Amino acid sequence: MSPVYPFDDAATARAVIEDDGTLAEWNAGAERLLGWSAADVVGRPAAHLLAGEGWDGDGVPEGPRWDGILTLRHADGGTVSVWLLAHRKPPEDGNPGHWFLVTPLEGDGPHSPDDPLERAQLVQSPCALAIYDERLRLRRMNEAMAELLGLPEERVRGLRVPELSGRPQSTDIERHLRRVLTTGRGHDVRTYLPIGDDGRTAAWLARMAPITDSAGRVRGVCVTAHDFTDQYRARERLQIVNEASVRIGTTLDVGTTAQELADVCVPALADFVSVDLLDPPEPGGEPRTGPLTSPVGLRRAAHRSVTPGHHEAVVEPGHVDVYPASSPQADSLLAGHTIVASLATDDLADWLSWDKARTERVGEYGIHSTMSVPIQARGLTLGVAVLTRYRRPDPFTPDDVLLAEEVTARAAVCIDNARRYSRERETALALQRSLLPRSLPRTAAVEAASRYLPAAQAGVGGDWFDVIPLSGMRVAMVVGDVVGHGVQASATMGRLRTAVRTLADIDLAPDELLTHLDDLVVRLSVETGNEGRPGEVGATCLYAVYDPVSRRCTLARAGHPPPVMLRPGGRPEQVDLPGGPPLGLGGLPFESAELELPEGTLLSLYTDGLIESRDRDVDASHALLCDALGAASHSLEETCDRVLHALLPQGGVADDVALLLARTRGLPPSQVATWHIPADPALVAPIRKQVVEQLATWGLSEASFTAELVVSELVTNAIRYGAHPIRLRLIHDATTLICEVSDTSHTAPHLRRAKTWDEGGRGLLLVAQLTQRWGSRHTADGKTIWAEIGLLEEE
């Protein structure tokens, strides 16, 4: 036989039978078995060779395989009983189906006792193998097991597993051996043992099988040990990568993401990990895009240690340290790839020679290996992760480098996403805060306090609040929420807040104001390309107007949570207010409600981010809000903090929160004077006199000259151009005197510049010059012209 083809074709008898029973192939082994040549039988029915029944009695067997003993005819006229194995080959690619028959041939003579195959027993098995007797004492083991244990067979026969190993795992292994011995069923055990001097762990699969005698009684246990360390380490690396994909990037916070990278790598890859990031050239700007130069300034973002306290760290999170070219951080950043250093190669000592503190930590903790991995994403270098080993005795391997680079690459994308989100969030937050009131105005109508909290994860939204002074000492309070998050939502919020202040300035009723605001949101939706899809730009709003003279409050809402009210001496209750559709749907009406509020009533206006939570329903949130409002406190600022502490989680809110608290004040009747004026121009002079006397009674004589001129002009215009009845009202507080003239005409005056030859048209111009501000508002019965005179300026 040729050494290139060492197989003997005649060592087995093979034949092929077509589905129609015709012999198609006949090899030399078959000729040797039965004496028929291929020319004698090929093309003829195979049944002619049968000396007895067929292979399945009645015909062709079913299934893909058959085996059994058949009696066949020999060419010399005799018969031969043969065990046959038949495989069914189905039709394929146009070829007909057939049966492939084979049987091994015997009779090639006895083997020599010196034949190595006869001598190759368990001793020469490539697997580590050992046999234990009924007392679980070692009876035999092969060379592979002796090499694994590091002990010769002849010296350790008769020892038990704990006596052989001495490791803690040996007791568990013997327990499994006893289980196989008593049950008679095989069992597999995985164990992990340190090998060599570097402390690396090897993974072994021990397969235990019972050894039985001819009577079927268990006489011992056979153990084979299979080394699957490579598969174990590959699976371990894959598990770390999978864990990194789940644990890293759970938030859009740079510091948290960096900490997650360090947490994943300890202790799976290293005993201490530090993550240092490059600061952008400008606050909030992009990272550096050009090549880096040494020294490199890095800010510690996170670190993690296997020992509590992170005593290995020289730099604390948030602090900046400068690294020279000889440091591991700067070396890997300048080179653009991972660099590994160890004490064994002396490069670690060279790296740390620039820093005495780090050198001392290396000696104190026994640090022997360091791996520095650049953090890079989207073509930008963001920082570096440094992995250190001192408790694990084994150095970093090339597989460790690949794993660290894979985990760091995943973290780099998450860090870059978090950095980009943080920059956009800071931009949106700056825009949001610039559009919100920096401070609430002090008014005679209410005492107010507010809070705004941006969302922790979803991004800055479009929540807003405002307190708007109105004419007649009244005040408007508004809270709104724009759908969405980010800069676009903040910009939309700014436009809506400006629109509300403009509409409030013309003294629209709350339901009318919301109607105009709804039209504006619909137009904004059209401008953004969402025509035909109303509601793409949407918002909710609650608008309230409080009059301290009448102590009445008119409210309307557009899809917004109703306010909670606390009357003096009462319990907090939700205001029963018609819902109204959200802004942006268009064409749907809004309804308002009017309440009488005693002085000292507390109103709570808020957005849905305050009461919506994953941990509780809205009713439970309302109950917490009422409890927080009901707790005794004279300070609205303290009440705001108590409400937020009661309803919001400590780790940040899921949605923006705007909260506005207002405690109502009442203007006493002694600070209001009213006159009903007949439509007679001759009565203007007596009215002026009464006004001067009333101001003297109030101790405001310093404002008499201006007030007399304003009243004379407004009353004269009402008598001349208005409709009966006419009413004059004076209201004052410590800083402002308000003159109001009302009539039943709906025609409002307009300020115009009078020409030199005009006889009239200068009255309102004079009023505008003498007062802080003036205006008109429509009422259900007509209109009111008003003017405010500053008392502090008069003094």
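The values are calculated or read from the model by the stated rules, or taken from the named source; none is laboratory data. These figures come from a predicted structure and were not determined experimentally. Positions of Cβ are generated from backbone atoms using ideal geometry, with glycine treated the same way; all protein chains shown enter the neighbour counts.
Is it the case that the stretch 745-767 has a residue that's at pLDDT 85 or above and of a type outside the set (Lys, Arg)?
Within the stretch 745-767 (the criterion being at pLDDT 85 or above and of a type outside the set (Lys, Arg)), the answer is yes, since at least one residue qualifies.
Within the stretch 578-682, considering only strands (runs of 3 or more DSSP E) that don't extend past its boundaries, which have at least 2 residues that are outside the structural domain of THR735 (by TED's automatic domain parsing), under 21 Å from PHE465 (Cβ atoms) and touching a Leu at 6+ places or on another chain (Cβ under 6 Å)?
Passing ranges, in order: 602-606, 657-664.
What residue, among those in the stretch 298-312 that are surrounded by fewer than 17 Cβ atoms within 10 Å (Cβ to Cβ) and modelled with pLDDT under 90, is nearest to GLY255 (Cα to Cα)?
Here the answer is HIS310.
Being closer than 30 Å to LEU440 by Cα and either touching a residue at least 24 places away in the same chain (Cβ under 8 Å) or buried (at least 17 other Cβ atoms within 10 Å of the Cβ) (or both) narrows it down to one residue among VAL684, VAL691, VAL710; which is it?
VAL710
Looking at the stretch 586-602 only, could you name the residues that are in contact (Cβ under 8 Å) with a residue 60 or more places away in the chain, hydrophobic (A, V, I, L, M, F, W, C) and touching a Pro at 6+ places or on another chain (Cβ under 7 Å)?
Within the stretch 586-602, just LEU588 meets the criteria.
Looking only at strands (runs of 3 or more DSSP E) that lie completely in the stretch 1-120, which have at least 2 residues being modelled with pLDDT under 90?
Ranges flagged: 12-18, 65-73, 79-89, 98-104.
Is there a residue being over 24 Å from the mean Cα position of the chain (by Cα) and among the β-branched types (Val, Ile, Thr) anywhere in the stretch 295-303?
yes
Right, ARG304: in contact (Cβ under 8 Å) with a residue 12 or more places away in the chain, assigned to a helix (DSSP H, G or I) and not assigned by TED's automatic domain parsing to the domain that holds LEU148 or not?
Judged against the criteria, ARG304 is not a match.
For ALA723, all conditions in the list (1) farther than 23 Å from THR779 by Cβ; (2) outside the structural domain of ASP463 (by TED's automatic domain parsing); (3) among the small types (Gly, Ala, Ser); (4) in a loop (DSSP other than H, G, I, E, B) hold save one; what is the number of the exception?
(1)
Anything in the stretch 440-449 that is farther than 13 Å from TRP464 by Cα and outside any strand (DSSP E or B)? List them, or say none.
The answer is PRO441, ARG442, THR443, ALA444, ALA445.
If I filter the stretch 265-287 down to residues being part of a loop (DSSP other than H, G, I, E, B) and closer than 14 Å to VAL384 by Cα, which single residue comes out as modelled with the highest pLDDT?
For the stretch 265-287, the residue satisfying everything is LEU278.
Out of everything in the stretch 475-488 that is surrounded by fewer than 24 Cβ atoms within 10 Å (Cβ to Cβ) and not polar (S, T, N, Q), what residue ends up being modelled with the highest pLDDT?
In this case the residue turns out to be VAL483.
Name the residues in the stretch 495-508 that are buried (at least 18 other Cβ atoms within 10 Å of the Cβ) and either touching a residue at least 12 places away in the same chain (Cβ under 8 Å) or in a helix (DSSP H, G or I) (or both), would you?
LEU496, ARG497, VAL500, LEU503, ALA504, ASP507
If I go through the stretch 300-313 residue by residue, how many of them are touching a Gly at 6+ places or on another chain (Cβ under 7 Å) and closer than 21 Å to SER326 by Cβ?
Matching residues across the stretch 300-313 total 1.
Taking only the stretch 437-465 into account, find how many residues are under 19 Å from CYS541 (Cβ atoms), in contact (Cβ under 8 Å) with a residue 40 or more places away in the chain and more than 28 Å from the chain's Cα centre (by Cα).
The number of residues fulfilling the criteria is 4.
Taking THR397 as meeting all but one of (1) among the hydroxyl-bearing types (Ser, Thr, Tyr); (2) surrounded by fewer than 18 Cβ atoms within 10 Å (Cβ to Cβ); (3) in the same structural domain as GLU638 (by TED's automatic domain parsing), write down the number of the exception.
(3)
So, of the residues in the stretch 424-442 that are under 21 Å from LEU252 (Cα atoms) and either in contact with a Cys (Cβ under 9 Å, 6 or more places away or on another chain) or not charged (D, E, K, R) (or both), which turns out to be surrounded by the most Cβ atoms within 10 Å (Cβ to Cβ)?
Top of the filtered list is GLN432.
Suppose we keep only residues that are closer than 23 Å to ARG571 by Cβ and under 28 Å from the mean Cα position of the chain (by Cα) within the stretch 614-624. Which one would you say is modelled with the lowest pLDDT?
So, considering only residues that are closer than 23 Å to ARG571 by Cβ and under 28 Å from the mean Cα position of the chain (by Cα), the one modelled with the lowest pLDDT is ARG616.
Here is a check on your reading of the model: is LEU667 within 40 Å of the chain's Cα centre (by Cα) and crowded, with 20+ Cβ neighbours inside 10 Å?
Against the criterion (within 40 Å of the chain's Cα centre (by Cα) and crowded, with 20+ Cβ neighbours inside 10 Å), LEU667 does not qualify.
Please pick out the residue among ARG420, ARG378, ARG389 that is within 23 Å of the chain's Cα centre (by Cα) and either under 26 Å from ARG233 (Cα atoms) or without any contact (Cβ under 8 Å) to a residue 12 or more places away in the chain (or both).
ARG420
Quick test of your reading of the structure: PRO534 fulfils all but one of (1) surrounded by fewer than 22 Cβ atoms within 10 Å (Cβ to Cβ); (2) at pLDDT 90 or above. Name the failing condition by number.
(2)
Determine if the stretch 404-423 includes at least one residue that is surrounded by fewer than 22 Cβ atoms within 10 Å (Cβ to Cβ), assigned by TED's automatic domain parsing to the domain that holds THR257 and more than 21 Å from THR251 (Cα to Cα).
yes
So in the stretch 428-454, with the set limited to residues that are polar (S, T, N, Q) and modelled with pLDDT under 85, which one is nearest to GLY486 (Cα to Cα)?
Result: GLN432.
So GLN124 fits all but one of (1) under 60 Å from the mean Cα position of the chain (by Cα); (2) modelled with pLDDT under 85; (3) crowded, with 16+ Cβ neighbours inside 10 Å; what number is the exception?
(3) is the only condition that GLN124 fails.
Among the residues of the stretch 402-423, what is the count of those that are of a type in the set (Asp, Glu) and either more than 16 Å from LEU380 (Cβ to Cβ) or not in a helix (DSSP H, G or I) (or both)?
Matching residues across the stretch 402-423 total 2.
Which one of ARG175, ARG207, ARG190 is of a type outside the set (A, V, I, L, M), over 27 Å from ARG410 (Cβ atoms) and assigned to a helix (DSSP H, G or I)?
ARG175
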